[in-house]
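Quick note: the coordinates plus some simple rules give every number you see, no bench work behind them. Everything numeric in this text was worked out from a predicted model, so none of it was measured. Backbone-built Cβ (ideal geometry, glycine too); neighbour counts: all protein chains shown.
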Amino acid sequence: MTTNPTIPADPAAPVAALPREIAPGVVLRGAAPPPLAQFGLAAFDMDSTLIAIECIDEIAAAAGRKAEVAAITEAAMRGEITDYAESLARRLALLRGVPAAALEEVYAHRLVLNPGVEHFVAACREAGLKTVLVSGGFTFFSDRVKARLKLDFARANVLEIADGRLTGRLLPRPWGTVVDGTEKRRVLLELADLLGLPAAATLAVGDGANDLPMMAAAGCSIAFHAKPAVRERARISVEQGGLDRALLAFGA
């Protein structure tokens with residue numbers, strides 16, 4: 001694998017270049033990225049990026065509170081609630097008392113991969129990239145998605161369960177308690193450093209406001225069916241079809 005440290009990291013502000021559609025529903029801002037093999041690490045959000053659901057909303061359905069929780073989720077992903085940890089705490093509190101069995105029900109019957117995800121992840125792996133799932137969701141799901149897609153690493157929140165029911169809280173971990181936008185960025189940069197890669201040799205893929213910090217730090221950012229504020233800041237935006245259509249921007 002070769003890397004190109006001269007690739008500029010995507011800026012935190014919207015890319016200045018005018019967007020251009022390189023294929024129906026695939027928008028490129030700025031210069032085309034180098035070939036995929038010149039990157040070394042790809043970081044992925046999970047909910048609504050790798051998978052087609054927001055897991056917390058589906059857990060809430062078991063408590064009859066999906067609409068209430070989903071409204072907070074949507075506002076957070078649009079960036080209207082800027083403190084992700086606070087928004088998550090509000091939603092978790094509404095899940096207090098939900099049977100832990102609801103998690104398996106969501107995974108078995110509602111969780112599906114988004115179109116093109118398996119192809120895109122396989123292309124990254126074949127090009128020599130390491131892969132990491134970094135999610136503001138929960139390890140119950142992220143561990144399973146990691147195994148299913150053969151990803152190398154994963155970081156997510158750990159739900160506290162007592163007497164077979166959710167407590168409405170998270171368990172603290174050695175790295176902290178909540179995977180928010182700041183933690184996503186830290187995981188991306190720390191893994192890149194451990195792998196001996198410059199940040200410019202990383203990709204970050206997401207759809208919501210809490211993905212922006214890692215997308216801004218990466219050498220190339222990809223928005224997948226994302227909120228407007230995220231699309232406007234991404235080097236590549238896939239707005240129609242599957243995630244694998246992002247490969248068009250890499251000449252694949």
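Laid out as a table, the results:
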quantity	calculated
The chain - mean residue ellipticity at 222 nm from DSSP helices (-39,500 (n - 2.57) per run, n ≥ 4, rounded to 500)	-9500 deg cm²/dmol
Estimated distance in nm for a label pair at Arg125 and Ala100, the labels positioned 7 Å out from Cα along Cα-to-Cβ	3.0 nm
Gain upon complete extension [Leu18, Ala147; 0.36 nm per residue less C-alpha separation]	42.6 nm
Pairwise centroid distance, computed over Cα atoms, of the stretch 101-141 with the stretch 26-52, Å	15 Å
R0 of 30 Å, Cβ-Cβ distance Glu80-Ala52: FRET efficiency to nearest 0.05	0.85
Residue order, fewest to most beta carbons within 10 Å, for His109, His225	His109, His225
Reachable lysines from Lys130, criterion Cα separation under 25 angstrom, eight or more residues apart if same chain	Lys146, Lys150, Lys184
Sequence of Ser87, Ser48 once ranked by neighbouring C-beta atoms within 10 Å, starting from the fewest	Ser87, Ser48
For the chain, share of DSSP beta bridges that run antiparallel, in % to the nearest 5	40 percent
Fewest-first sequence of Arg148, Arg245, Arg235 by Cβ atoms within 10 Å of each Cβ	Arg148, Arg245, Arg235
Hits among aspartates and glutamates - C-alpha to C-alpha of Lys227 under 16 Å, sequence gap 8 or more where chains match	Asp45, Asp47, Glu54, Glu74, Glu80, Asp207, Asp211, Glu239
Most fluctuating residue given options Ala37, Ala147, Ala223, as computed from a GNM of the chain linking Cα atoms under 10 Å	Ala147
